[in-house]
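The values are calculated or read from the model by the stated rules, or taken from the named source; none is laboratory data. What you see is a predicted model; the values in this text were computed from it and never measured. Positions of Cβ are backbone-derived with ideal geometry, glycine not excepted, and every protein chain shown enters the neighbour counts. Each accessible area value is taken on the protein alone, full model and side chains, heavy atoms only, with ligands, DNA and RNA left out. Shrake-Rupley method; radii C 1.70, N 1.55, O 1.52, S 1.80 Å.
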Amino acid sequence: MATTTLIELPRRAPLLSGRGWSVFLIAFIIVTAVAPALNLMVPEGHALHLSDYMIGLLGKFMCYAICALAIDLIWGYTGILSLGHGLFFALGGYVMGMYLMREASGPDTLPPFMVFLDWKELPWAWSLSGSFIATVLLVLLVPGLLAGLFGYFAFRSRIKGVYFSIITQALTYAAMLLFFRNETGFGGNNGFTGFKTILGFSLNTPQMHVLLFSLSGMALLGCYLLARWLVQSKFGRVLQAVRDAETRTMFCGYNPLQYKLTIWVISAMMCGLAGALYVPQVGIINPSEMSVGNSIEMAVWTAVGGRATLVGPIIGAFAVNGGKSWLTMAAPEYWLYVLGLLFIAVTLFMPGGIVGLARQWREHRAARSATRAAPSAKALATASTAPTAPKTPDITKGARA
């Protein structure tokens, strides 16, 4: 009689462990309750007061961390190094900036730079800029559509490696040159500035600064959960298979184009969201955000923190930008040198980034313990295999008898 063998498939790991959910909840409470309370309720001069400057700085860092997380999804888990994600970050910022410019100038008035250039009507690209709901949607759709169009042709042509990185860099540089032109209707070299309100509320109040800070923190936590859900799913396992052996994955019946294009678009949309949150906090957006250097820095944040870890890029974004904020005030002329040396040091000595240091330390300690234990084990083995001396008969026993 034939017997049926039941195969139990492995259960999917939980999104976060118990300890992970505890850390996530603590972070959520900090960005939504603790930090706002320290800024608004604790008086200035108190040791626990969180200044407006720090609120704005940390809010920007959290927007940068979203970009680093987006880079990690395509570089750490899919093996696609992009040097052009600054474009998607800037596009999200420009979409939000257009809405803020319309609100600052009034519903029936052209923005000041258009009045200066003697424009008579809004360009077609500004058609939906008066609606906040449309702006929120376009913040995600504009970077996503551009990424989808570019990614489809690039991945379909099987462009990969350094060639793909160079093409993304060229795309970003071309877009920056386009936005520098006044006739495109995006403010030219000066970009957009002079924002006053959002949804009728002033942008220059402490309460609004704290609100934008909290929104940035919640967006970062939400993107982290989304990224973790993606990489733990079957979709994420296929992405890692594409990263490690794309040809073998294709022979197994998977189409790498669909997976690479999907994660590429998601990553671009995350950067667009970060740019939209960034602009109201800094009060300006211009084509310099599309510079090649900004996109390279995003890759550095991810490498310094630790690729394919999700937590590492967030730590790297805070660490690198914190160092940049301090060094650009103390010795601004040395920052680019420090950034280059940092990237080289991480590549040579810390391939796992900051997060990988703990693993490297554990492996180093284990190797040292094994080295110390080896002589003792060898001596014990030698002693156990050494020949024993023959036993001497007791001749006195017979004499006593």
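Taking the condition in contact (Cβ under 8 Å) with a residue 12 or more places away in the chain and surrounded by 20 or more Cβ atoms within 10 Å (Cβ to Cβ), does Ala241 pass? Against the criterion (in contact (Cβ under 8 Å) with a residue 12 or more places away in the chain and surrounded by 20 or more Cβ atoms within 10 Å (Cβ to Cβ)), Ala241 does not qualify. Of all the listed residues (Leu215, Leu220), the sole one being farther than 24 Å from Met114 by Cα, open to solvent by less than 50 Å² (accessible area, probe 1.4 Å), part of a helix (DSSP H, G or I) and touching a residue at least 12 places away in the same chain (Cβ under 8 Å) is Leu220. Among the residues making up the range 175-212, those that are farther than 24 Å from Ala37 by Cα and not in a loop (DSSP other than H, G, I, E, B) are Ala175, Met176, Leu177, Leu178, Phe179, Phe180, Asn182, Glu183, Thr184, Phe192, Thr193.
Just one residue in the set Ser165, Ser105, Ser127 is among the small types (Gly, Ala, Ser) and either in contact with a helix residue (DSSP H, G or I) (Cβ under 6 Å, 6 or more places away or on another chain) or more than 24 Å from Thr197 (Cα to Cα) (or both); that residue is Ser165. Do you know which of the residues in the range 344-365 that are open to solvent by 60 Å² or more (accessible area, probe 1.4 Å) and over 15 Å from Gly312 (Cβ atoms) is nearest to the chain's Cα centre (by Cα)? Only one residue tops the list, namely Ile344. Among the residues of the range 158-183, those identified as open to solvent by 80 Å² or more (accessible area, probe 1.4 Å) and either in contact with a Phe, Trp or Tyr (Cβ under 7 Å, 6 or more places away or on another chain) or hydroxyl-bearing (Ser, Thr, Tyr) (or both) are Tyr163, Tyr173.
Within the range 258-286, the set of residues being over 20 Å from the mean Cα position of the chain (by Cα) and either open to solvent by 40 Å² or more (accessible area, probe 1.4 Å) or basic (Lys, Arg) (or both) comprises Gln258, Ile284.
Of the residues making up the range 146-174, just one is aromatic (Phe, Trp, Tyr) and either in contact with a Pro (Cβ under 8 Å, 6 or more places away or on another chain) or not in a helix (DSSP H, G or I) (or both), namely Phe155. Only one of the numbered conditions (1) more than 30 Å from Trp264 (Cα to Cα); (2) in a helix (DSSP H, G or I); (3) touching a helix residue (DSSP H, G or I) at 6+ places or on another chain (Cβ under 6 Å); (4) open to solvent by 30 Å² or more (accessible area, probe 1.4 Å) is not met by Ile26, and that is (3). Filtering the range 41-89 to residues that are of a type in the set (Gly, Ala, Ser), over 17 Å from Phe318 (Cα atoms) and under 17 Å from the mean Cα position of the chain (by Cα) leaves Gly76, Gly79, Ser82, Gly84, Gly86.
Here is a yes/no grid of residues against (1) in a helix (DSSP H, G or I); (2) open to solvent by 70 Å² or more (accessible area, probe 1.4 Å); (3) farther than 21 Å from Ala219 by Cα:
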{"residue": "Arg12", "(1), (2), (3)": "no, yes, yes"}
{"residue": "Ala35", "(1), (2), (3)": "yes, no, no"}
{"residue": "Val42", "(1), (2), (3)": "no, no, yes"}
{"residue": "Gly45", "(1), (2), (3)": "no, yes, yes"}
{"residue": "Ala70", "(1), (2), (3)": "yes, no, no"}
{"residue": "Leu81", "(1), (2), (3)": "no, no, yes"}
{"residue": "Gly92", "(1), (2), (3)": "yes, no, no"}
{"residue": "Asp108", "(1), (2), (3)": "no, yes, yes"}
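Within the range 25-53, residues that are hydroxyl-bearing (Ser, Thr, Tyr) have Cβ atoms under 8 Å from residues that are outside any loop (DSSP other than H, G, I, E, B) in these pairs: Thr32/Ser214; Thr32/Gly217; Thr32/Met218; Ser51/Asn39, counting only partners at least 6 apart in sequence or on another chain.
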